[in-house]
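Report on the structure given below.
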Protein chains: 2
Amino acid sequence: MDLALLYSGGKDSTLAALLLDSFYDVTLVTGRFGVTDDWKHARDAADRLGYDFDTVELDRAVAEDAADLMVEDGYPRNGIQRVHEHALERVAELDVAAVADGTRRDDRVPTVSRAQAQSLEDRHDVDYLSPLVGFGRHAVDKLVEEKLDVESGPSERIPKGDYEGELRALLAERHGQETISTVFPDHEQTYVRGLK
Amino acid sequence: MDLALLYSGGKDSTLAALLLDSFYDVTLVTGRFGVTDDWKHARDAADRLGYDFDTVELDRAVAEDAADLMVEDGYPRNGIQRVHEHALERVAELDVAAVADGTRRDDRVPTVSRAQAQSLEDRHDVDYLSPLVGFGRHAVDKLVEEKLDVESGPSERIPKGDYEGELRALLAERHGQETISTVFPDHEQTYVRGLK
């Protein structure tokens with residue numbers, strides 16, 4: 001069964017791929033708004049891990065709205081949630097039996113409620129899986145340590161294929177470089193170099 | 001890392017084992033109240049699947065309370081929830097890095113909230129995993145069809161190692177045979193014969 005996993009090149013979505021790949025033919029899929037080429041980092045990670053890779057085009061207007069919302073809020077949560085929901089919709093339009101993402105039990109954002117999951121499944125006739133949603137942060141960290149060779153550091157230094165790079169670029173473009181550090185307080189990102 | 005998975009011999013807990021076994025040294029563990037020998041069905045399934053198997057002793061008073069609660073309610077939900085929470089506590093007392101169960105996204109019962117999961121983890125210094133909680137009913141059914149050789153039918157005909165057999169026996173003992181069908185309306189059970 002074909003499965004499209006929304007992929008960033010980070011530890012969570014990579015671990016989600018490892019959990020699913022005995023059960024599905026997994027393709028790692030990265031959304032791109034056309035703002036930057038950050039998606040190539042996700043492609044490179046997918047290549048090193050030996051997974052098929054694809055991209056879906058996302059709507060730049062959604063990213064712009066999300067960037068504006070983040071500035072208005074003063075924090076990124078709602079903007080990231082909006083972008084994630086949009087990306088899931090696009091991935092669910094692919095011709096696959098199932099779509100998945102790397103959301104974890106302890107994530108504050110993005111989250112996909114049971115009602116949202118059911119709606120996505122019904123509208124697109126697809127299964128939606130979040131294989132890590134039954135795993136807490138500690139369990140994920142231990143599995144990552146055991147299975148993955150990971151590079152960690154602050155967002156601006158770690159290459160990554162998720163939306164954050166594109167959202168940061170849009171923030172700078174629309175609201176000035178200084179808004180980036182206001183909206184995204186220092187937080188650590190991870191990028192997967194390969195399997196251990 | 002050692003993991004103890006609360007096991008019934010049914011499709012959900014078996015699928016949970018398959019999802020976890022590339023990451024953990026899985027032992028299938030069945031709770032027993034000492035009311036019937038139904039746990040042996042779970043042991044037999046574990047043997048056929050090639051997993052290590054163990055049992056934990058459960059407190060008969062919990063099962064009796066649960067049976068009384070079910071009769072009072074007229075439905076089994078709260079009683080099953082109480083028994084499941086008790087069994088998770090007992091499994092979490094084992095000397096393992098992680099415990100797990102087969103709860104699914106669409107299960108009405110048992111459910112383990114994020115707060116309950118966190119509490120179990122903190123009190124027992126263990127990770128709690130519910131690998132199927134990110135899978136809907138349709139996805140589980142498709143995976144079971146692909147991976148497992150399963151026998152299905154009404155509860156009274158299907159051998160199974162979960163608490164239901166013991167709870168049914170206690171209901172009959174304490175409240176009369178006829179309460180069983182009032183409390184447990186007809187529902188289908190599964191028992192795993194082996195891998196496909």
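Report note on the peptides A:99-105, B:113-119: ranked by the mean count of other C-beta atoms within 10 Å, highest first, their order is A:99-105, B:113-119. Computed over chain A, relative contact order equals 30 percent, with contacts defined as Cα pairs under 8 Å that lie 6+ residues apart. Expressed to the nearest 5 percent, the antiparallel share of DSSP beta bridges inside chain A is 30 percent. Distances between equivalent label points of A:Asp37 across the copies, with each point positioned 7 Å along Cα→Cβ, amount to 7.0 nm, shortest listed first.
Under 10 Å, Cα contacts only: if you run a Gaussian network model on chain B, which one of B:Leu94, B:Leu132, B:Leu167 comes out with the highest mean-square fluctuation? Highest fluctuation of the listed residues: B:Leu94.
Dipole magnitude for the protein assembly as shown: about 140 debye, using +1 per Lys or Arg Cβ and -1 per Asp or Glu Cβ, origin at the Cα centre.
When DSSP beta bridges are restricted to pairs lying wholly in the protein assembly as shown, around 30% turn out antiparallel.
Annotation for A:Glu156, label-to-label distances across the other copies: 7.2 nm (shortest first, one decimal, point 7 Å from Cα along Cα→Cβ). Applying the criteria of a DSSP loop state and at most 15 other Cβ atoms within 10 Å to the chymotrypsin sites (Phe, Trp or Tyr not before Pro) of segment A:108-181 yields no site. The same position A:Asn78 in the other copies lies at 3.9 nm from this copy, comparing label points 7 Å beyond Cα toward the beta-carbon, shortest first. Taking 20 Å as the straight-line reach from the Cα of A:Lys147, the lysines in range (excluding those fewer than 8 positions away in the same chain) are A:Lys11, A:Lys160, A:Lys196. Annotation for segment A:97-196: GluC sites (Glu not before Pro) lying in DSSP loop with at most 16 further Cβ atoms inside 10 Å of their Cβ are A:Glu156.
In the distance distribution for segment B:2-195, Cα-Cα pairs more than 32 Å apart total 9 percent.
The peptide list A:75-82, A:7-14, put in order of mean Cβ contacts within 10 Å with the highest first, becomes A:7-14, A:75-82. Note on A:Val112, B:Val109, B:Val133: ascending count of other Cβ atoms within 10 Å places them as B:Val109, A:Val112, B:Val133, the fewest first. Counting neighbouring Cβ atoms within 10 Å and putting the fewest first, the residues A:Lys160, B:Lys40 line up as B:Lys40, A:Lys160. Normalised radius of gyration (Cα atoms, divided by 2.2 N^0.38 Å) for the protein assembly as shown: 1.07. Remark: mean inter-chain Cβ contacts per residue of A:136-144 equal 5, using a 10 Å Cβ-Cβ cutoff to other protein chain atoms.
Quick note: the coordinates plus some simple rules give every number you see, no bench work behind them. Given the structure is predicted, the values throughout are model-derived calculations rather than measurements. Glycine also receives a Cβ, built like all others from the backbone with ideal geometry; neighbour counts cover every protein chain displayed.
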